[in-house]
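The values are calculated or read from the model by the stated rules, or taken from the named source; none is laboratory data. Predicted, not measured: the structure shown is a model, and the values here were computed from it. A quick note on method: Cβ atoms are made from the backbone with ideal geometry, for glycine too, and the neighbour counts reach across all protein chains shown.
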């Protein structure tokens, strides 16, 4: 049976882009070999995290629905590994 | 970069609410509250740096300050009454600077004090002595040749650059006796590489935001002229990006890619004429940092630079003809274009890509969620392609007659090595058409861009594919 992929949603809202979020669009190609095929990366319209200060600072992404603030490619890779380990 | 963008967003928010004078003094306090710790030595230093960065966003040189007690609200009031701009585009925030040591080689504690002592033996100026068993460089005699770094078997010697000086391709930024950097405007080509390189954000671009909003408040109509590289800045198609300007309050929007089509037509004709009359080569002229480079530093290359004007020039001509009494705002990827806009007879103000993005955030506009506006008149695919390196070449080749044999060369980013190469061209140029872009990747790599250039290039390609070929439209 196929292992369920980790779902990463990258916010493409204006604020996230302005605060460096465009880099996150490169996540798929920056994944280390052991994570390739295990992660499904998708872009998303504004995820609306930016309107609630408790969520932290942009850019935002989600990993299996969990909000990641101040996301960077390296942070997302680290968080994906945590998610896999459970 | 992120602090600058937050500052721009806060300033624009106050401008939208028409409370700049009342609100601007609070920004340093809001961004650095007393109990939230500081980035620099203390919260007061952080606030002072923010104050001076805001001064640049109000359109002032930091060196314009005559009294340190002048509050930002006074500068805001004076900016609102200001009628004249200058062509000094970049300003150094001295409060944020002076943290870098002069460029030097330093011995780290990795030095083992070895017996062979290759650093000392190879130093051509005898600047290295051994003190307490470790190498020590005498900086009064060291000439920064780097020999010691190359020969140390323990990699114990490091090179400590001054990032802004290292990035400046023309030696226009340097330290004064007080350790603070200053820009020599007689040498500066306004490329903005110092602004990108400084990790303290100490170089700022002066803004025209106050003027743009004042004109809007006075009921003037605003005309946006968007540089081709804008197509890559957000995860949105060109129709949405054009529509976003209407949402921001602009009355008309022009794609400067239409001006690029005129540039292409005239540049292709000029290239043909020059080559047929025996000229060895011609270089492009659409990058104003490059043309300033030639004017100020490579005089011998001047006769080979195309006389065709930039896409912005032609777009502004058309826009001014259509809107004689309106305010023309060029939406720009870099400070060099701001400098060019100042000298253009038809452009009134410049809005950087960063300022455009910050304005949308302040206005609560998500560009990707907007409807896509219908584009009445498409520019050509080649015109849109001017936003990336190789675009001008591709466009000129498309319109030049097939009998004209074009051997193209691309200078994709200006640094010291590229300048040496350009200086050699009048004596020997390996091609007959030289495209020069000061920023690597072209305008999508400009220092005001929002999007990663790799991501921007993908987005730009989609905008190019959506437009017709230049050979199929009437220019």
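Out of the residues in region B:172-212 that are surrounded by fewer than 18 Cβ atoms within 10 Å (Cβ to Cβ) and free of Cβ contacts under 8 Å to residues at least 24 places away in the same chain, state the one that is farthest from residue B:60 (Cα to Cα).
So the residue we want is B:177.
Would you confirm whether or not region B:390-399 contains a residue that is within 14 Å of chain A (Cβ to nearest Cβ), within 17 Å of residue B:226 (Cβ to Cβ) and surrounded by 21 or more Cβ atoms within 10 Å (Cβ to Cβ)?
Checking region B:390-399: not a single residue is within 14 Å of chain A (Cβ to nearest Cβ), within 17 Å of residue B:226 (Cβ to Cβ) and surrounded by 21 or more Cβ atoms within 10 Å (Cβ to Cβ).
Hey, among B:340, B:382, B:354, which residue is more than 28 Å from residue B:219 (Cα to Cα) and in contact with a helix residue (DSSP H, G or I) (Cβ under 9 Å, 6 or more places away or on another chain)?
After applying the criteria, what remains is B:382.
From B:415, B:376, B:366, B:408, which residue is more than 14 Å from chain A (Cβ to nearest Cβ) and at pLDDT below 95?
B:376
Hey, can you tell me all the residues within region A:44-67 that are more than 14 Å from chain B (Cβ to nearest Cβ) and either in contact with a strand residue (DSSP E or B) (Cβ under 9 Å, 6 or more places away or on another chain) or closer than 16 Å to residue B:451 by Cβ (or both)?
Scanning region A:44-67 gives A:55, A:62, A:63, A:64, A:65, A:67.
Can you tell me how many residues in region A:2-43 are part of a strand (DSSP E or B) and within 9 Å of chain B (Cβ to nearest Cβ)?
Of the residues in that region, 1 qualify.
Among the residues that make up region B:214-223, is at least one of them closer than 21 Å to residue B:40 by Cβ and part of a strand (DSSP E or B)?
There is no residue in region B:214-223 that is closer than 21 Å to residue B:40 by Cβ and part of a strand (DSSP E or B).
Just to check your reading of the model, which residue among B:240, B:246, B:221 is under 23 Å from residue B:380 (Cβ atoms), over 24 Å from the mean Cα position of the chain (by Cα), assigned by TED's automatic domain parsing to the domain that holds residue B:374 and surrounded by fewer than 21 Cβ atoms within 10 Å (Cβ to Cβ)?
B:240
Could you tell me which of the residues B:439, B:443, B:447, B:429 is in contact (Cβ under 8 Å) with a residue 24 or more places away in the chain, more than 14 Å from every other protein chain (Cβ to nearest Cβ), over 26 Å from the mean Cα position of the chain (by Cα) and surrounded by 16 or more Cβ atoms within 10 Å (Cβ to Cβ)?
None of the other options fit; the residue is B:429.
Could you check how many residues of region B:1-34 are touching a residue at least 40 places away in the same chain (Cβ under 8 Å), more than 14 Å from chain A (Cβ to nearest Cβ) and surrounded by fewer than 21 Cβ atoms within 10 Å (Cβ to Cβ)?
Selection size over region B:1-34: 5.
It is to be established whether one or more residues within region B:40-58 are within 14 Å of chain A (Cβ to nearest Cβ), over 19 Å from the mean Cα position of the chain (by Cα), over 24 Å from residue B:193 (Cα atoms) and exposed (fewer than 15 other Cβ atoms within 10 Å of the Cβ).
No, that holds for no residue.
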